[in-house]
Amino acid sequence: MPAHEPDQEQVRIAADLTAAVGQLSRRLRAASPQGELTPTQRSALSRIATDGAATTAAMARAELVRPQSMRLTLGYLEEQGLLERAPHPTDGRQVVFSLTAEGRRTLASVRQSKRSWLAGAIADRLTPDEQRTLTEATELLKRLTAPAPPNAGADAQSGANTKPGTDGASDNLAVQ
């Protein structure tokens, strides 16, 4: 729950940002190799690449889908040679899925295609000043999506400085 009730300007910003992020997501999806993977399949591959081997049930919980839907997704990815299954290390009734070498290559290709499109669009469409503004906006987006610290509401009400970069923590810009 927000510490403050948003005003009309903040609601407008939220609506504009939602629309822009949605459009960016669609453009990035279109930039990846045609017909290679659905967004759900890419998400499952990415999660396993990030979090490691997982069961169908754990993947379904993490991706907020029904286990039956995740079973179909993982089955397709396994058929394509992108995932492999192995017995669960402690529960013989379950299996865990992990990336194959081909799965890693495919995921890297999808990510590279998206990054290349976006880097080209930034270079072609934005001035150097706009690129600096985008860098600052990216930091703000990271703050918006980061877990809120337990005392976030108290800091906002007390006027404490929570601007990134004041402690040097924002110096590591990772491209994912």
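Side notes on the structure shown:
- Gyration tensor over alpha-carbon atoms, the range 60-115, equivalent ellipsoid semi-axes in Å: 23, 15, 10
- 3J(HN,Hα) from dihedral phi, the range 60-69, Karplus parametrisation 6.51/-1.76/1.60, rounded to Hz, x for glycine, proline: 4, 4, 5, 8, 6, 10, 6, x, 4, 5
- Counting every pair of alpha carbons in the range 4-120, the share spaced more than 16 Å apart comes to 66 percent.
- Applying 1/(1 + (r/R0)^6) with r as the Cβ-Cβ distance of Q8 and T38 and R0 = 30 angstrom yields a FRET efficiency of 0.20.
Any read-out appearing in this document is the output of simple, stated calculations on the displayed coordinates, not a laboratory observation. Not measured: the values here are computed from a predicted model. Neighbour counts run over all protein chains shown; Cβ positions are idealised from the backbone, glycine included.
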